[in-house]
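What follows is a single structure, written as structure tokens, with notes after it.
Just so it is clear, none of the values below were taken in a lab; they were calculated from the coordinates. Not measured: the values here are computed from a predicted model. Backbone-built Cβ (ideal geometry, glycine too); neighbour counts: all protein chains shown.
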Amino acid sequence: MLKPGCKGREKYLRFTIYNLRRGSRFPYLCAMPMIFEKNLAGASLGVWHIIETEDFLRLVSRAVPEDIMVVDSYKSESRRKQWFACRALLVELLHLKSVNIIYDEFGKPSLKGFEGHISFSHTSEYAAVLTDKNSPAGIDIEQLKPRIERVADRFLQEKELEQIRLLADGVEDRVEGRCHPRTELLYLYWCAKEALYKFYGNPSVDLKNDIYIAAFDYFCSVQATFAARINLPEGAKDHELQFERVGDLMLVYTLSGKG
């Protein structure tokens with residue numbers, strides 16, 4: 001896998017564009033490399049560092065013309081690039097020749113011609129996609145920044161805030177190059193709640209009051225499974241989620257068949 005900025009990348013991009021333009025039978029073999037990819041039982045996910053031009057992303061996204069008309073109305077170039085990158089990730093993960101996304105009345109996406117489920121997330125220069133053949137999907141990615149401290153009480157219950165305080169205080173030494181332990185935990189909880197919200201796509205769900213994250217020893221690993229509960233009109237449901245630390249990114253996603 002080529003890493004951003006490595007030697008040979010320019011040649012690789014030229015090769016990719018050449019194959020796409022000549023109508024390669026297997027365009028997915030020419031899709032951009034990802035900085036993180038994982039295959040699970042019935043599911044797959046990928047993370048893409050968006051460093052390409054908008055024109056290139058437009059080319060490899062394989063988006064259908066009617067969708068491109070929508071994204072061209074976006075004033076923000078960053079938002080357009082994130083939009084294209086999410087679709088390019090679908091091309092890579094599912095080996096697609098075209099991408100046609102349909103949104104329901106609440107904004108939950110689905111892929112035309114795919115019987116499973118999909119979920120998108122993006123932050124700054126990164127995009128993430130989760131596909132699941134067996135159950136709904138939810139994913140969220142965030143770049144770790146101190147600003148989340150200002151809004152913590154808007155999405156966390158008092159019990160969750162206390163859990164975070166105790167876990168963060170229990171970390172004696174900070175690892176060089178990493179942000180404050182409390183900041184990491186805040187993003188973990190935020191991403192988990194966002195992922196579950198996307199899993200259901202129900203706008204009546206309140207992140208603070210309807211979703212509860214169970215405490216676990218986050219600092220033992222850069223990836224782990226943990227539990228959460230969501231309160232729905234039909235009753236409470238327990239879920240298992242997975243988190244991954246990828247550089248300065250926090251990634252949380254639902255697990256197939258674990259809802």
Whole-Hz ³J(HN,Hα) for each residue in the stretch 128-136, computed from phi via Karplus 6.51 cos²θ - 1.76 cosθ + 1.60 with θ = phi - 60°, x for glycine and proline: what do you get? 9, 9, 10, 10, 9, 7, 10, 8, x
Go through K81/K237; K145/K208; K38/K112; K133/K198; K38/K81; K108/K133 and tell me which ones have a Cα-Cα distance over 27 Å in this structure. K81/K237
With 0.36 nm assigned to each residue of separation and the Cα-Cα distance removed, V64 to D206 gains 47.7 nm
Cα pair distances of the stretch 156-254 binned at 10 Å [whole percent]: 15, 50, 28, 7, 0
Which order, highest average first, do 57-63, 146-152, 120-126 follow once you tally other Cβ atoms within 10 Å for each residue and take the mean per peptide? 57-63, 120-126, 146-152
The stretch 197-246: mean projected area of Cα convex hull, nm²: 4.0 nm²
Relative compactness, the stretch 66-191, computed as alpha-carbon Rg over 2.2 N^0.38 Å: 1.31
What is the extension gain from N134 to E162, computed as 0.36 nm multiplied by their sequence separation minus the C-alpha to C-alpha distance, in nm to one decimal? 6.5 nm
I need to check one value: relative contact order of the stretch 174-259, counting alpha carbon pairs closer than 8 Å and at least 6 residues apart, in percent. 26 percent
Rank-order 40-51, 220-231 by packing density, defined as the average count of other C-beta atoms within 10 Å over each peptide's residues, highest first. 40-51, 220-231
